[in-house]
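What follows is calculated from the coordinates using simple rules that are stated; it is not laboratory data. Since we're looking at a predicted model, the values are computed, not measured. A quick note on method: Cβ atoms are made from the backbone with ideal geometry, for glycine too, and the neighbour counts reach across all protein chains shown.
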Amino acid sequence: MSNNLPFSALGLDELLIQAVNEAGYQNPTPIQAKAIPMALTGRDLMASAQTGTGKTASFTLPILHRLAQMRASKAIRALVLVPTRELAIQVDNSFQTYGKHTAIKTAAVYGGVDIDDQLQVLKAGVDVLVATPGRLVDMINRKHIQLDSLRILVLDEADRMLDLGFRDDIQRIVQNAPTKRQNLLFSATFSKDIKQLAHDFMRHPVKIELENPNSAANTVSQSFYPVDQQDKPEILSYLIHGGRWQKVLVFVRTKKAANKVAELLAEDGINAQAIHSDKSQYLRIRTLEDFKDNYFDVLVATDVAARGLDIEQLPLVINYDLPKVPQDYVHRIGRTGRAGQKGRAISLVNPEEKKLLAGIQQLIKKPLEIEPLPYFEDGEVRPAEIEEPVSKTRNKRKPDLKTGKPAIKQRSGNKSRNGSTRKPSGTAPKKRPAVFSGKKRKS
Ligand code: AMP
């Protein structure tokens, strides 16, 4: 993904280049190569960058450079608005990583944690503030924060902020900032709403559009299993066991489903934890850190909780269900294959999700590859007919995934989900499904 141009060619301060190199990066990614020199000129900029492209550094680096050249002050001179707390923490970390050889101070404020602790940090004076709009408006309303000295405003993942209903909050924040400032906007899409937002608060922005912002990194292979809803837990568990996968991110649509799926996987001897917005901020951060540090294998997450997750070398994302909004699919699978690494995204699609699948394929402008269900020693488990009405398939006796025989009854108590005797925890299937050996996979 990166090109041969060295970071030193972008006009950045030596101390920043040193920090970037220490972070392990020698060459800018395409969005960085385009956005950094432009942002350094002080012009307004709107960039469409798909997730995982290195877009964060494409605004943190020029901001650090520009602030380092200004006279030091204890006032907020750069503000980055982000849709979620996770992204706020990630962006703040990025400022700290790249700004470690400078004296620039950064802080992040977001909801769900004690506001007084955050105000305490701000009192000491920060140069860069990363904030979710809701918490910042709260602070502005209580007159705890001044934006009079603001010189640079960034809207990161602007499309997502609009999706989450932050338009009015953004408006309110902008009203509190000086009109003379640089504006940077990053968004996965340039929808009508985004263009309107840019029109409302930017001045003749330079546009940077990388090729199809709605297609996930092309290093991610994308496929799906057509399955019945009732079989999803069993298939998910079987795939994880069979593939002997460690570090899998599983997406679900609801908080309830996140808890349930993590629970079901744990019952099958898979080390899984759930992350969603009902969990305390402390718990979310700890769960995420534990996942990054390989303390458990499978993280089950909702879309909002997963925003901003930056996990290096995440090889696999599984969509336990498809998101209602096609763009969320791109964000979900963007968690793998980051910064040029190879990744794989698998979706479990039930007949009712056929329309959602069509929407996704239309957005990413390519079909997802169909995976045949795994082949087992005693017979083949046939994929559900995706065209068949759900009512026809729902109550059929499904074949037992492990024996290939029809299931006797649905899950109850300690029995496995299809009524069969469960394998001991952690055991892989006797015969690896052909899909993993590559024999049955369609090319
Ligand atoms: P982002 O799109 O900002 O979330 O970044 C995605 C990933 O790319 C993060 O893990 C970054 O640390 C990483 N990254 C950022 N810049 C570079 C670079 N120039 N070369 C390689 N990886 C990078």
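A 18 angstrom limit on the alpha carbon distance is what I want to check against. Which of 247/365; 207/366; 143/279; 247/292; 74/123; 342/365 exceed it? Before the final figure, lay out each step's value.
Numbers: 247/365 28 Å; 207/366 26 Å; 143/279 29 Å; 247/292 8 Å; 74/123 9 Å; 342/365 20 Å.
Over 18 Å Cα-Cα: 247/365; 207/366; 143/279; 342/365.
Rank the residues 63, 31 as a footprinting-exposure proxy: fewest other Cβ atoms within 10 Å of their Cβ go first.
31, 63
To the nearest 0.05, how large is the calculated FRET efficiency for residue 278 and residue 362 if R₀ is 35 Å and r is the Cβ-Cβ distance?
0.60
By the scheme Lys and Arg +1, Asp and Glu -1, what is the net charge of all other residues having a beta-carbon under 15 Å from that of residue 16? Spell out each step's value before the answer.
Numbers: positive: 66, 100; negative: 13, 14, 22, 127.
Here the count lands on -2.
So if we plug the beta-carbon distance of residue 207 and residue 352 into 1/(1 + (r/R0)^6) with R0 = 35 Å, what FRET efficiency do we get, rounded to 0.05?
0.35
Under a Cβ-Cβ cut-off of 11 Å, what is the net charge of the residues other than residue 245 that fall near it, where Lys and Arg count +1 and Asp and Glu count -1?
Combined, the nearby Lys, Arg, Asp and Glu give +2.
With the dipole of the stretch 219-295 worked out from charges on the C-beta (+1 for Lys and Arg, -1 for Asp and Glu) around the Cα centre, which of 219, 280, 266 lies farthest toward the positive end?
280
I want to make sure I understand the PRE zone here: with the label point 7 angstrom from the Cα of residue 93 toward its beta carbon, which residues in the stretch 16-43 have backbone N atoms less than 15 Å away?
What the label zone holds, given the 15 Å backbone N cut-off, is 23-24.
Once you order the gyration tensor axes a ≥ b ≥ c over the Cα atoms, which shape class does the stretch 75-191 get: rounded for a/c under 1.5, otherwise prolate or oblate by comparing a/b with b/c?
Taking the square roots of the gyration eigenvalues as a ≥ b ≥ c, the stretch 75-191 is rounded.
Taking θ = phi - 60°, what integer Hz values does the Karplus form 6.51 cos²θ - 1.76 cosθ + 1.60 yield along the stretch 179-192, in sequence order, with x for Gly and Pro?
These are the phi-based 3J(HN,Hα) values: 6, 7, 7, 8, 10, 10, 10, 10, 8, 5, 10, 10, 6, 4 Hz.
Could you list which residues have their amide H under 5 Å from that of residue 109, counting only those 5 or more apart in sequence or on another chain, with H placed in the peptide plane?
130, 131, 132
Cut-off is 10 Å between beta-carbons; in what order do 60, 29 appear when sorted fewest neighbours first? All intermediate terms of the calculation are to be shown ahead of the outcome.
On the way: 60 28, 29 22.
Ascending number of Cβ neighbours within 10 Å: 29, 60.
What is the fewest-to-most order of 110, 25 by other Cβ atoms lying within 10 Å of their Cβ?
25, 110
Taking K and R as +1 and D and E as -1, what net charge do the other residues with C-beta under 10 Å from the C-beta of residue 180 add up to?
+3
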